[in-house]
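The values are calculated or read from the model by the stated rules, or taken from the named source; none is laboratory data. Because the structure is a prediction, the values reported are computed rather than measured. Here the Cβ positions follow ideal geometry from the backbone for every residue, glycine too, while neighbour counts run over all protein chains shown. Surface accessibility is based on the protein's heavy atoms, side chains included, excluding ligands, DNA and RNA. Shrake-Rupley method; radii C 1.70, N 1.55, O 1.52, S 1.80 Å.
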Amino acid sequence: LLQYYVRNDNMNDCLFYKILRPIVTGFVKIFFRPNIFGTENIPKEGRCILAGNHTSIFDPLLLMSSTKREIHFLAKNELWQGLKKIIFSNLGLIPVNRKIRDGNALHNAEKVLKNDLVIGIFPEGTTEKTGVMLKFKKGAVKMSSDTDSPIIPFVITGKYNIFKNNLTIKFLDKIYIKDDLVKENERLMNIISKERGN
């Protein structure tokens with residue numbers, strides 16, 4: 001089964017995402033009560049990349065609940081098994097083989113951006129296990145450079161805890177990527193690390 005955004009000519013029309021988002025938003029707001037800042041930095045239309053630190057498996061749900069824009073997330077291809085394959089495909093997720101430099105995933109993500117849609121990516125590639133931010137992979141800056149798409153950095157702090165409400169996500173000012181991807185990747189990391197406070 002191909003991804004929904006590949007199968008459907010109208011890439012804005014991901015019905016399952018539209019149905020699921022209000023449910024996800026209600027769940028996140030009731031159980032985690034996040035503080036959300038800087039949503040005005042997310043453009044109301046046009047292509048952009050949301051890129052930030054990865055603290056928990058709940059992070060994609062937090063992003064979904066933070067903006068009405070439909071986000072096409074990059075996610076590990078291990079999720080595409082059994083019935084989950086149907087669910088994740090129809091959410092517009094893009095599978096990534098983390099064991100290789102996955103050019104197919106990059107191509108599909110850039111195809112989404114060229115249709116003026118939104119990509120969501122966690123450049124660490126996995127959730128943080130120790131609370132220390134991991135070194136970023138260059139996928140976000142690469143697709144930004146290739147498609148002239150702005151990156152909207154975001155920073156997640158606090159915990160997903162039903163007894164506390166210290167969970168915060170903050171969207172920062174957009175940045176554009178220049179030619180030196182190594183330096184630009186470091187710049188993105190530094191922006192997020194500085195805002196995060198470590």
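A few remarks follow.
- Hits in region 20-35 - residues which are more than 19 Å from the chain's Cα centre (by Cα) and either among the aliphatic types (A, V, I, L, M) or more than 20 Å from S56 (Cα to Cα) (or both): I30
- Check on L91, aliphatic (A, V, I, L, M), open to solvent by less than 30 Å² (accessible area, probe 1.4 Å) and within 18 Å of R196 (Cα to Cα): no
- Here I151 fits the description: out of contact with any His (no Cβ under 8 Å at 6 or more places or on another chain) and either surrounded by fewer than 20 Cβ atoms within 10 Å (Cβ to Cβ) or modelled with pLDDT of 95 or more (or both).
- Within region 91-131, considering residues that are within 13 Å of the chain's Cα centre (by Cα) and small (G, A, S), the one modelled with the lowest pLDDT: G92
- Residue within region 179-190 that is on the phi > 0 side of the Ramachandran plot and surrounded by fewer than 16 Cβ atoms within 10 Å (Cβ to Cβ) present: no
- Those residues of region 64-83 which are open to solvent by 40 Å² or more (accessible area, probe 1.4 Å) and either at positive phi or assigned to a helix (DSSP H, G or I) (or both), in sequence order: N77, E78, L79, G82, L83
- Checking each residue of region 121-138 against the condition of being open to solvent by 30 Å² or more (accessible area, probe 1.4 Å) and assigned to a strand (DSSP E or B) gives no match.
- The requirement of being of a type in the set (A, V, I, L, M, F, W, C), part of a helix (DSSP H, G or I), under 13 Å from the mean Cα position of the chain (by Cα) and at pLDDT 95 or above is not satisfied by L50.
- Filtered residues of region 168-178 (kept if touching a Ser or Thr at 6+ places or on another chain (Cβ under 6 Å) and surrounded by fewer than 17 Cβ atoms within 10 Å (Cβ to Cβ)): T168
- Residue in region 46-56 that is in contact (Cβ under 8 Å) with a residue 12 or more places away in the chain and more than 25 Å from Y176 (Cβ to Cβ) present: yes
- Subset of region 65-90 [modelled with pLDDT under 85 and under 13 Å from the mean Cα position of the chain (by Cα)]: A75, K76
- Any hit, region 157-167, residues being in contact (Cβ under 8 Å) with a residue 40 or more places away in the chain, in a helix (DSSP H, G or I) and open to solvent by 60 Å² or more (accessible area, probe 1.4 Å): no
- Just one of the listed residues (L113, L106, L61) is open to solvent by 30 Å² or more (accessible area, probe 1.4 Å), within 20 Å of Y176 (Cβ to Cβ) and either among the polar types (S, T, N, Q) or assigned to a helix (DSSP H, G or I) (or both), namely L106.
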